[in-house]
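Just below is one structure, and these are the notes that go with it.
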Amino acid sequence: MPKPTPQTRGLHELYAEDPTAADRRLWGREVDPLTRRGFLKRSSLMAMAAALGASIPFADRMPGGLIPAALAQSNEPFTLEGKEGLTVLNDRPINAETPPHLLDDDITPARHMFVRNNGIPPEAQAIDPATWPLTVEGEACLTPTTFTLAELKERFSQHTYQLQVECGGNGRSEFVPSASGNQWTTGAVACPSFTGARLRDVLEACGIRDDAIYIGYYGADTHPSGDPNKQPISRGVPLHKAMEEESLIAWAMNGEDIPYLNGHPLRLVCGGWPGSVSGKWLSRIVVRNQIHDGAKMAPPSYSVPRYPVAPGTEVPLEDFETIHSMPVKSLITFPRSGITHSLGESLEVRGHAWAGDLAVREVHVSHDFGATWQPAELREAPNRLAWQRFTTRLDFPEPGYYELWAMAVDSEGRAQPMVVPGWNPKGYLNNACHRIAVQVI
């Protein structure tokens, strides 16, 4: 099988397509709507300054949609190693999503798994999988221990599960007013097969104190600012989630090494929860007697208001709660949105559905904007915390423009909303029905 060709998209190509969109994708930049200059968000200014390696003294006068001259002198493209067809949302750190039609496989191929990074990955040349160290420690760990990856493979039983991983901000682009962060549409989700040691087995081998309630992780990635004293992200899960059979310290994906951009050589995988708890380039696990307090554990990161709020509301930090299990959701992966279909021929529609810690009970598909729904055939998951395949066939009464909507219902009877759910400041947990367009002729 030929080696996949990495997708490359250069600065000049992105800015030539749409300068404003390029500013937003690369730096998260929005400018003053009147002057078209400056940076409305300090984070976007910091992102550009980090790429340039220096502060920008007259940043408030910098026109929007302008490639910094230091970068414009280079035609070096963005290279997503081992990936095909992904849409780049940000380059530092790299974030890229997968168009829905490329997620049609039952098991997500490595080349189509989305990339969501908070930091800069360790240098690939510096990674030695055999000697890669993992330290388990913390105030609630009885016997702090450091393992090499080779020792993990030798000492602990290996387990393989297909596990659904989704960014908490998947679907953020649909919120109005817009929420800060990468403007994911629907493609920050995947369900590959992971192999590794159970997190529970490793924790038990190191001893868990009676007062343990949480675990946290640290990775070998570095903060985008370059400051070695800052962690890009260090999140975790309550002990009960860490002790589940499917929670893994994984070293393989789909029977091969985990892709570099997805955490090679070692990562956590806690399926069904926001992907941010499944730490990449894993180097340390801490067993805590309190809720972990690492980077991006505090609100508003990966948190939503405890009560419904009006769009644009300023929410006090004490009124947020951390996201745990992800909500029920579905994705139409076939056909591709925008196809033309012949009247008189039935159309196969298929996709995947998932529901965080729960299972999916049923999936329905509509071709009349949700006025009526047709049940789809729903396949059982290969294991807990994997997505489920749905399929159906639709007939169209006359020529014209149609939208196909998918709505999943979880095992506790909760259904996807037909419109974007309640707004929140960070744009998390959008599980509105997925829609694709079909032109019938």
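The values are calculated or read from the model by the stated rules, or taken from the named source; none is laboratory data. Computed from a prediction, not measured in an experiment: that's the story for all the values here. Note that each Cβ is placed from the backbone with ideal geometry, even for glycine, and that neighbours are counted across all protein chains shown. These area figures cover heavy atoms from the full protein model, side chains too; ligands, DNA and RNA do not enter into them. Shrake-Rupley method; radii C 1.70, N 1.55, O 1.52, S 1.80 Å.
Listed conditions (1) polar (S, T, N, Q); (2) outside any strand (DSSP E or B); (3) within 30 Å of residue 185 (Cα to Cα) are all met by residue 143, apart from (3). For the range 114-135, a tally of residues being out of contact with any helix residue (DSSP H, G or I) (no Cβ under 6 Å at 6 or more places or on another chain), closer than 19 Å to residue 278 by Cα and assigned to a loop (DSSP other than H, G, I, E, B) returns 6. Let me spell it out: the conditions are (1) in a loop (DSSP other than H, G, I, E, B); (2) open to solvent by less than 20 Å² (accessible area, probe 1.4 Å), and residue 310 meets all of them except one. Which number is the exception? If we test residue 310 against (1) in a loop (DSSP other than H, G, I, E, B); (2) open to solvent by less than 20 Å² (accessible area, probe 1.4 Å), just (2) comes out false. Within the range 140-152, the set of residues being within 30 Å of the chain's Cα centre (by Cα), open to solvent by 50 Å² or more (accessible area, probe 1.4 Å) and closer than 20 Å to residue 236 by Cβ comprises just one member, 146. Residues of the range 419-437 that are in a loop (DSSP other than H, G, I, E, B), at negative phi and open to solvent by less than 40 Å² (accessible area, probe 1.4 Å): 421, 423, 424, 425, 428, 430, 431, 432, 433.
Taken over the range 157-192, the criterion of being among the aromatic types (Phe, Trp, Tyr) and under 29 Å from residue 247 (Cβ atoms) is satisfied by 161, 184.
If you scan the range 213-268, which residues turn out to be of a type in the set (Ser, Thr, Tyr) and closer than 15 Å to residue 138 by Cβ? Scanning the range 213-268 gives 214, 217, 218, 234. Checked against the criterion of being at pLDDT 95 or above, of a type in the set (Asp, Glu) and within 22 Å of residue 300 (Cβ to Cβ), the candidates 174, 151, 166 yield just one match: 166.
For the range 367-413, a residue qualifies if it is farther than 25 Å from residue 190 by Cβ, part of a strand (DSSP E or B) and in contact (Cβ under 8 Å) with a residue 40 or more places away in the chain, and the qualifying residues are 393, 394, 400. Residues of the range 397-413 that are exposed (fewer than 15 other Cβ atoms within 10 Å of the Cβ), modelled with pLDDT of 95 or more and in contact with a Leu (Cβ under 7 Å, 6 or more places away or on another chain): 411, 412.
Out of the residues in the range 377-392 that are open to solvent by less than 20 Å² (accessible area, probe 1.4 Å) and over 21 Å from the mean Cα position of the chain (by Cα), which is nearest to residue 352 (Cα to Cα)? The qualifying residue nearest to residue 352 (Cα to Cα) is 390. Can you find a residue that is open to solvent by 50 Å² or more (accessible area, probe 1.4 Å), in contact (Cβ under 8 Å) with a residue 40 or more places away in the chain and assigned to a strand (DSSP E or B) anywhere in the range 278-294? Taking every residue of the range 278-294 in turn, at least one turns out to be open to solvent by 50 Å² or more (accessible area, probe 1.4 Å), in contact (Cβ under 8 Å) with a residue 40 or more places away in the chain and assigned to a strand (DSSP E or B). Among the residues of the range 316-334, are any closer than 19 Å to residue 181 by Cα, in a loop (DSSP other than H, G, I, E, B), open to solvent by less than 40 Å² (accessible area, probe 1.4 Å) and in contact with a Ser or Thr (Cβ under 8 Å, 6 or more places away or on another chain)? Yes, the range 316-334 contains a residue that is closer than 19 Å to residue 181 by Cα, in a loop (DSSP other than H, G, I, E, B), open to solvent by less than 40 Å² (accessible area, probe 1.4 Å) and in contact with a Ser or Thr (Cβ under 8 Å, 6 or more places away or on another chain).
Restricting the range 101-130 to residues that are touching a Pro at 6+ places or on another chain (Cβ under 7 Å) and under 25 Å from residue 391 (Cβ atoms) leaves a set whose member that is surrounded by the fewest Cβ atoms within 10 Å (Cβ to Cβ) is 107. Against the condition among the polar types (S, T, N, Q), open to solvent by 10 Å² or more (accessible area, probe 1.4 Å) and touching a residue at least 12 places away in the same chain (Cβ under 8 Å), how does residue 416 come out, does it pass? Here the answer is no, as residue 416 does not meet what is asked.
Restricting the search to the range 335-376, which residues are more than 25 Å from residue 428 (Cβ to Cβ), among the hydroxyl-bearing types (Ser, Thr, Tyr) and surrounded by fewer than 19 Cβ atoms within 10 Å (Cβ to Cβ)? 340, 342, 346, 372 - these are the residues of the range 335-376 that are more than 25 Å from residue 428 (Cβ to Cβ), among the hydroxyl-bearing types (Ser, Thr, Tyr) and surrounded by fewer than 19 Cβ atoms within 10 Å (Cβ to Cβ).
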